[in-house]
Structure formats: structure tokens, C-alpha cells
Amino acid sequence: MSSIATNEKIPNNVDLTSDKRLQRALEEWQPRFVDWWKEMGPEGFQEDQIYLRTAVSVSPDGWAHFDYVKMPDYRWGIFLTDPIKDRTIGFGDHYGKPVWQQIPGEHRNALRRLIVTQGDTEPASVEQQRLLGLTCPSLYDLRNLFQVNVEEGRHLWAMVYLLHTYFGRDGREEADGLLDRRSGADDKPRILGAFNEPCQDWLSFFMFTYFTDRDGKYQLLALSESSFDPLARTTRFMLTEEAHHMFVGETGVLRVLDRTCELMAQDPNQDARAQGGIDLPTIQRYLNRWYSVSLDLFGGEVSSNAANFFAGGLKGRAKEDRYEDHIALDQTMTLTMVKDGRLVDEAVPMRNAMNEVLRGEYIEDSQRGVDKWNRLLAERGVNFALTLPSSRFHRQSGIYAGIHFDPAGKIITEAEFNAHKNEWLPSPEDEAYVKSLMTKPVFEPGKMANWIAPPKHGIKGRPIEFEYVKRSE
Ligand SMILES: [Fe+2]
Ligand SMILES: [Fe+2]
């Protein structure tokens, strides 16, 4: 087990003191990160004491420590899972050879691009969510928001560690760039589309943590197969933290649905909005939006980049072990393409379809939570089921971009799409309504906003009415 230095300026299990140059470079980056956090992190709560978990080791039985901490004092550390002895490359052209501890020259640019793209999403999500605390539905939710935020900050650290350690001067410049771009900015936006979409209400936050953080899970699973061993070990530990983010999303949506059912039952017309709740069709529209923008994050359905990443051993499939053929040279995948305005199935070389392989896994995984949500609706006797729209619906990148589809995946005209747009995606009225429910924060311990049910359990065995955030004023 690697030794852990938690008392140093930068907590780590990578023996940072043994490399003075690297240590100095990261200690110079640290105050810039904290400045970024103060400027772009959660607005208005930086002086409060938050009951947070902090990663202190990578041991499966107890890697986290829970206590009150002010967010700017959070101990953002660098943690890699322990190396696997004699690990060999699990896929692609170099299959079976030893994994790399340094980056081979020919893969330097591609790996840098993968790491920067992943790294960019981490601070981006903090920026997207920075105003949400001001309208929190409870202290429990406020704490969960901040937990997600500080851990996305740590994920940024994880990527910056790799950039500083393995990419020399280019890496240091990229690390600075990660603090310079801003979500939604015109001049220096974040790299990926979904991370420039505003996330200004809590229904969006729960959909984001369910669907967009889940894209993160699959990207991390694919990177944790990488032949570049430090990247594999870094992303493996990030996955441990990621699980909680998706839990926040899944249970968040479930609690909204729970409350909606309750309010519908109280209303003579089963009208949740009349009772100050969020109606089911609106929840479906938010789902459609966040699911479709998250699907875009997997990249093009047919992609020579994906083929090169796989061939080079840089980015594999999620849980590559499960597959029998790790070379994937003679296989094809059937994709539904659009030819002359019609849908036709076409076989694509498997390596070129790797993004689609990962997206397929993601879709299956996404469905699991939707099934749980629907079980709750059925238990409550509500005749409504949420559905994932077709993966062709509302896509901004890949082979379906620029063509219009209905949620079932049928090709339609632009006029048809526009005529139904407000049934399928949140309308400006929906957004205004959802926001109107969330104009004030709920700070009283144990209290919930009217539109959401309380959680089943508190955090780390604490009761729901525990004071998860101690306000400074
Ligand atoms: Fe993350
Ligand atoms: Fe996350």
C-alpha cells in the first residue's frame, strides 16, 4: 500500500516530496486554484462550515474522512490507486505488453488531449452550479451540492497532477488553461457543449448529476483501462468519488417524483403545479434535455479518433476484461445511419465505433435509474412512466446532428420539430415555473422545500435534521 502524506501542503500518496521540482510547480499552481475556487466556486457559502467527506487514502475500507470544513480550506489531494503488479496492456495493437510508466512520444499529443478534455469538465461543472446554493431545498441538499463541487475540484487536481508530472512545459500551460476557461463564456468557453449549458435550478442539477456525471463515469472507466498506468490509477480512484455524485442525482429525481405524487394526490385535479410541485411532463422534458446533451459527450458514432485511441491503447472499453477479443480488428458494429432522409443499418469497423460502444453501455446504465423512478410512480398508483428518448433525439454532434427526430427516433421535418418542441424539451415557461419554486433557500435543519420529499437517510449515519451546513451569519 502506498504511503500517504496528509499533513503536507498538498495531501498525496505519490511521494511528492521526492520530486522537489514537481512539488514546487504544484505548490505554485495551488494558490491559483484557490483563487479560481473563490471566484468561480459556490457563491455565498465560502465562510460556512460544511459537513464534508475528504479523501485521505485509497483504501477500500475507509478512504474518506467526514468533518466540518470551510470550502476554501478543503484538503484537495492527489490520490492514485495502488499499482497492479506486472500489469499489461489490455487492448489494442500493444496488447499484452507491459503498461507504460512514462508516455511514449508518439502518444503524447493524444494523451494530453484526452487528459485536458477530461480535466476541463471538472471545474466547468463547479462553475455551472455556482449559484445553486442560494436556492437550496434543504441543508442536506446544500451539503451534497458542495460535496460534489469540492470533489470535482479534486478531479481537476488529479488531471493537473498528470499534466505537471508527465507533460513538461506544455502540461503546465494546459494546467493554467484549465483555470482560464469559463463555462458558458463567449471568448474562452469550456471544451464540451454540455459543460457550457447553464445549470441554474435544482431539477437540472439532479438531472446533471444523474446523466452528465454518468458520462463522467463511463469516460473514467474507459480511461482506467489505459496503457498509461498513472492515468489508469488516477481515474480508478476518481470513480470511487463519482458514485456519490450519481447517487445525488438518482435520489434527487426520486425525491422530486415522490413529492409530486403526494401533491397530485392532494389536488382535486391531480395537478402538481397547482400545489406548488413539479408536474411529471416537465420532469420528462428536463430528462430529455440533460440526457441528450450528455449523449453528445461520448463523441461521434463513427470516429477515427476513437479508433486511434483504442489501437494505441490509450482509451479502452468500460471493463475491457469482459470482452473476449481485445484487438477488435475483424469485428463490426451495426449503426443506424441516415441516408437520403431514411434510416439504414450499416456495419462499421468496430474500432471506429468505440464511442458508440461506450454510449451503448451508458444508455443501459441510465435506464436502470429510470426503471427505479418508474417503480415509485407505479407504487404510488400514478399512471405515467418516464422514458429515455431515442439516442437520435436532439443531438448536437455526431451522425444525427442537424437532422430532426422525435423522441421515438423517427425522422421528422424541422417544422414538425418546432411545432412539438415545447412538449419535448423544457419551454421558457417551464424554466420560469421551475425557477419560481426555487427563489429562496431552505436553511432550517431537517426542513425541505415544498417540491421535494425528504431523503430516506442522512449522510454517514447522521439524521436528516442534522446541521449539514453551519451558516457563518
Ligand atoms: Fe469529476
Ligand atoms: Fe462527478
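Brief remarks on what is shown
- Close pairs (9 angstrom Cβ cut-off, 6 or more residues apart or separate chains): free of Cβ contacts under 8 Å to residues at least 40 places away in the same chain and closer than 30 Å to Glu225 by Cα in the stretch 115-139, hydroxyl-bearing (Ser, Thr, Tyr) and in a helix (DSSP H, G or I) anywhere: none
- Of all residues making up the stretch 370-397, the number that are in a loop (DSSP other than H, G, I, E, B) and more than 20 Å from the chain's Cα centre (by Cα): 11
- The residue of the stretch 126-156 that is surrounded by the most Cβ atoms within 10 Å (Cβ to Cβ), among those that are away from ligand 2 (no atom under 11 Å from the Cβ) and among the charged types (D, E, K, R), is Asp141.
- Residue in the stretch 194-204 that is of a type in the set (D, E, K, R) and modelled with pLDDT under 95 present: yes
- Test: residue in the stretch 214-225 that is surrounded by 22 or more Cβ atoms within 10 Å (Cβ to Cβ), assigned to a helix (DSSP H, G or I) and away from ligand 2 (no atom under 16 Å from the Cβ): no
- The residue of the stretch 143-182 that is farthest from Trp202 (Cα to Cα), among those that are of a type outside the set (Phe, Trp, Tyr) and not in a helix (DSSP H, G or I), is Arg181.
- For Leu231: the one exception among (1) within 16 Å of ligand 1 (Cβ to nearest atom); (2) of a type in the set (A, V, I, L, M, F, W, C); (3) free of Cβ contacts under 8 Å to residues at least 12 places away in the same chain: (3)
- Number of positions in the stretch 94-125 that are surrounded by fewer than 24 Cβ atoms within 10 Å (Cβ to Cβ) and either among the β-branched types (Val, Ile, Thr) or closer than 27 Å to His457 by Cβ (or both): 4
Residues checked against (1) in contact with a Pro (Cβ under 7 Å, 6 or more places away or on another chain); (2) closer than 24 Å to Ser366 by Cα; (3) part of a helix (DSSP H, G or I):
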position: Thr251; (1), (2), (3): yes, yes, yes
position: Asn269; (1), (2), (3): no, no, no
position: Asn288; (1), (2), (3): yes, yes, yes
position: Val293; (1), (2), (3): no, yes, yes
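- The condition of being within 19 Å of the chain's Cα centre (by Cα), at pLDDT 95 or above and among the acidic types (Asp, Glu) holds for Asp213.
- Count of the stretch 292-313 residues which are crowded, with 23+ Cβ neighbours inside 10 Å and over 26 Å from Gly402 (Cα atoms): 3
- When Asp61, Asp67, Asp86, Asp82 are screened for being within 24 Å of Lys470 (Cα to Cα) and more than 15 Å from ligand 1 (Cβ to nearest atom), only Asp67 passes.
The values are calculated or read from the model by the stated rules, or taken from the named source; none is laboratory data. Predicted, not measured: the structure shown is a model, and the values here were computed from it. Don't worry about glycine lacking a Cβ; one is built from the backbone with ideal geometry, like all the others, and counts go over all protein chains shown.
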